[in-house]
1. For the chain, find the longest principal axis of its Cα atoms and tell me its angle to the long axis of helix 66-83, 0 to 90°, nearest 10.
2. Hey, with R₀ at 25 Å, roughly what FRET efficiency would residue 482 and residue 435 work out to, going by the Cβ-Cβ distance, to 0.05?
3. Is it possible to state the helix-based mean residue ellipticity at 222 nm for the chain, with each DSSP H run of 4+ residues giving -39500 (n - 2.57), the sum divided by total residues, to the nearest 500 deg cm²/dmol? What is it?
4. Going by a ≥ b ≥ c, the root eigenvalues of the Cα gyration tensor, does the range 1-102 fall in the rounded group (a/c under 1.5), the prolate group (a/b larger than b/c) or the oblate group?
5. Along the Cα-to-Cβ line of residue 301, 7 Å from the Cα, sits a label point; which residues in the range 7-21 have backbone N less than 18 Å from it?
6. Which order results if 218, 412 are arranged by neighbouring Cβ count within 10 Å, fewest first?
7. Just to verify a number: FRET efficiency for residue 377 and residue 41, C-beta to C-beta distance, R0 = 41 Å, to 0.05?
8. Please label the shape of the range 336-486 as rounded, prolate or oblate, based on the square roots a ≥ b ≥ c of the eigenvalues of the alpha-carbon gyration tensor (a/c under 1.5 means rounded; beyond that, a/b larger than b/c means prolate, else oblate).
């Protein structure tokens, strides 16, 4: 039975992890955790792209071997995953033999088929992007955009992949498969790109210019260029060429940023697979950028955010919550310290954290920490349970459609309703009453608060895995392996001994 296979883009080894890297890891992890909770056999891949001119140059500048620089990057990116509680099953490095062997086998196959040929290239080359450019890449003023950095004119012999012969097929595939690119409006960008004829793809660099790469199997004087190396990681990691390959492939989702949709993932990759007679991934899940005052964050503008700083100060769940709650998948979103602190204080510390503290404190004072059984159900309880009946299926449906930000919004609306219920029931007042009916209401209200909190954190499990488990433990609840059952009302926590009063999300001494 095929697994649910999901991947991130692999991150380039010549740089430190930043907010964009961390967000993509978290988004993919939220999808992976959700699918596991829904019963899927998930296989989750991430990793790093280790070859290329910039890695070679950076290593030379430091007086070290390229592999040493890549080893450092692997430690950094694996560390990022660990600090974010990312549940990846594999971490691919493109310097591994399992990857290099697959790259060479696919290149040889295409060469033998006549899909790769040698020719002389004359034109423009961006060192920063490691990309050959065309005049259509210039801006409206005829200049090269800043993202390309230094552009030089070169002439050299190279190997080319016959990309252009599959252009019409790719247009038809993109138009006829609406699920191929999510969100759908991103497919329009791909089709717009494909309106103009595409050139064949240069896939090599002579070793005299670039040594740090995978040698072409049919000409050892050349190494393969980035796309026939980096993109192949998605199939090399799951055993292309072995009997187990079909256990995972095709990928259900490649999670990528919008900047590498066109042309790499939406043009080069599907055509490479088509030519190699490999099934295409089912879908590309394309996310937007994090902006600072309307501009993309970048090292050049000094707006890069180190996610490890935020994780170290506020914890991984707080970071995961913020980026998932703020970003509408597929669109851009603003980041600021003020927005981060507003979410942390309002949603996490006040609504969720204070609710847990209130429940544990009241049970600890009057019930020896034991959750009572409900005794009576009146309008206030019925209203809250009806809201849960609406919230639970809607949030699951929103998660299915990657609308995690709206799903979290609805979940926290339910948490706010629990807090309103507590204010209306006022169990601290009921505890002082000598009326037997008020005693029943007290027992009921504390059960309802604890049970509804248990249900709510169940919906938060894909996004806040540590928090949901911590709340379960504090309520004495042993989570059922069937997530859908965890989301159903029950009296499983009745009679359970709760933990000590706990501050889930401490207020920082210095918000800055």
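Where a number appears in this text, it was derived from the coordinates with a stated rule and is not lab data. If you're wondering where the values come from, they're calculated on a predicted model, not measured in any experiment. FYI the Cβ positions are ideal-geometry reconstructions off the backbone, even for glycines, and counts take in every protein chain you see.
1. In the chain, helix 66-83 runs at an angle near 20 degrees to the longest axis.
2. E(calc), rounded to 0.05, equals 0.05.
3. Helices in the chain give a 222 nm mean residue ellipticity of -13500 deg cm²/dmol.
4. In terms of gyration-tensor shape, prolate.
5. Hits in the range 7-21 for residue 301 at 18 Å: 18-21.
6. 218, 412
7. Efficiency computed from Cβ-Cβ geometry: 0.55.
8. It is prolate, given that a/c is not under 1.5 and a/b is the larger ratio.
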